[in-house]
Amino acid sequence: MENDSFSQRVIQVIAAIPCGTVATYGDVARLAGSPRAARQVGGLLKRLPADSRLPWHRIINRHGQISLQGDDLLRQRDALEAEGIEISDEGQVDLARYRWQW
DNA sequence: AATCTGACATATT
DNA sequence: CAATATGCCAGAT
């Protein structure tokens with residue numbers, strides 16, 4: 001299935017994102033060793049098992065916005081706010097402030 | 001093996 | 001500043 005090294009690395013990276021911070025798809029892809037595989041990160045998360053216990057909600061796009069829609073969007077937003085991350089009325093996160101630094 | 005798809009990013013218009 | 005086009009790379013069919 002998706003037991004490839006790429007998938008594993010992406011999972012490791014996401015698992016390492018600290019509570020209260022966020023990272024962009026591009027960040028995760030870069031840290032996973034494939035700087036241009038940002039789309040794959042989303043592709044993986046989408047088909048991730050519901051019980052993976054991965055902080056997938058800390059992954060947003062480079063505009064600081066959640067790329068999901070509908071129900072999932074609301075859930076991710078709530079999860080982020082629950083960690084103390086503020087989101088503007090337009091659904092934007094202040095990346096300069098919450099982006100994971102390493 | 002070939003083609004299509006997409007929870008993105010960057011450059012260009 | 002917003003909209004569009006193109007590149008990207010791993011999965012799915």
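For region A:56-102, a residue qualifies if it is assigned to a helix (DSSP H, G or I), more than 9 Å from DNA strand B (Cβ to nearest atom) and touching a residue at least 24 places away in the same chain (Cβ under 8 Å), and the qualifying residues are A:Arg58, A:Leu80, A:Leu95, A:Tyr98. Of all positions in region A:73-86, none carries a residue that is within 15 Å of DNA strand C (Cβ to nearest atom) and either charged (D, E, K, R) or modelled with pLDDT under 95 (or both).
State yes or no: is A:Gly42 closer than 21 Å to A:Ala15 by Cβ, touching a residue at least 60 places away in the same chain (Cβ under 8 Å) and among the small types (Gly, Ala, Ser)? Give the steps one after another, and end with the answer.
On the way: closer than 21 Å to A:Ala15 by Cβ: yes; touching a residue at least 60 places away in the same chain (Cβ under 8 Å): no; among the small types (Gly, Ala, Ser): yes.
So A:Gly42 fails the test.
Is there a residue in region A:47-55 that is part of a loop (DSSP other than H, G, I, E, B) and within 11 Å of the chain's Cα centre (by Cα)? Looking through region A:47-55, at least one residue is part of a loop (DSSP other than H, G, I, E, B) and within 11 Å of the chain's Cα centre (by Cα).
Which one of A:Val22, A:Val28, A:Val10 is on the phi < 0 side of the Ramachandran plot, within 9 Å of DNA strand C (Cβ to nearest atom) and surrounded by 13 or more Cβ atoms within 10 Å (Cβ to Cβ)? Write out each step before concluding.
On the way: A:Val22 fails: within 9 Å of DNA strand C (Cβ to nearest atom); A:Val28 fails: within 9 Å of DNA strand C (Cβ to nearest atom).
The unique qualifying residue is A:Val10.
The values are calculated or read from the model by the stated rules, or taken from the named source; none is laboratory data. The model shown is predicted, which means the values in this text are computed figures rather than measured ones. As a convention, Cβ positions derive from the backbone with ideal geometry for all residues, glycine included, and neighbour counts pool all protein chains shown.
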